[in-house]
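Q: A single structure is presented below for examination.
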Amino acid sequence: MLSATNTSLPAPIAIHGRSGSHSLGRDVAPELVKSLLEAIVAVWDLEEKAAETCVDLAIEVIHLESARRSYAVNPSAPYVGGLAPWQARTVTRYIRENVDRNIPLTTLAELANLSCSQFRRAFKTSFGDAPHAYIIRQRILRSQDLMISTDEPLSELALSCGFADQSHFTRLFVRLIGETPNNWRRKRALPQRSQ
């Protein structure tokens, strides 16, 4: 049986923004939490180790979702000095759809109908990060999703997330998350079932 005394839960993902590190909160979609809990209950009686792994993965998914939502635009928030809601939506959608490619600042500024310097200031005001830092965080989030959901080698995964190579990916991943991608993935891998 799973208990607090014999199980260590993973630390929250170290994603730092304007509001500090993100952890579990009310911003996580209730449907997501419900479906994760149902999956854990389904595995619980099969094998204790598999259940513990599912709990760890569920917590990690909740952390990822929480981090994603913390970067979402609040349409009711005032945008004095920042991007207008339509600009923020347009730019974040473009980044999300093109995160695997080079995204020049000039392209983002054109999408928002601003000069590069105006865009840089407004983006930082709205998101708490410079555009380049925000793009790197989105690439790291995409890589974490892929590491959990696929067996793709890290070198291919790095290229598919828009990094120059695996070394570039690893250096930025360690800087933002605090451990190597290989260690991060290994800790979250589902145990192989014996036949």
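The values are calculated or read from the model by the stated rules, or taken from the named source; none is laboratory data. Keep in mind the model is a prediction, meaning the values are calculated, not measured. Cβ placement follows ideal geometry from the backbone for every residue including glycine, while neighbour counts extend to all protein chains displayed. Heavy atoms of the whole protein, side chains included, go into the accessibility calculation; ligands, DNA and RNA do not. Shrake-Rupley method; radii C 1.70, N 1.55, O 1.52, S 1.80 Å.
Q: With a 1.4 Å probe and all protein chains kept in place, how do 143, 149, 160 rank by accessible area, largest first?
A: Of 143, 149, 160, the descending order of accessible area is 149, 160, 143.
Q: Okay, next question. Using a probe of 1.4 angstrom, how much of the accessible area of segment 78-128 is carbon and sulfur, in percent?
A: 50
Q: Could you compute the FRET efficiency for residue 189 and residue 105, with r as their C-beta to C-beta distance and R0 at 41 Å, rounded to 0.05?
A: 0.65
Q: Taking only protein heavy atoms into account and a 1.4 Å probe, give the accessible area per residue of segment 72-192 in Å².
A: Each residue of segment 72-192 exposes 54 Å² on average to a 1.4 Å probe.
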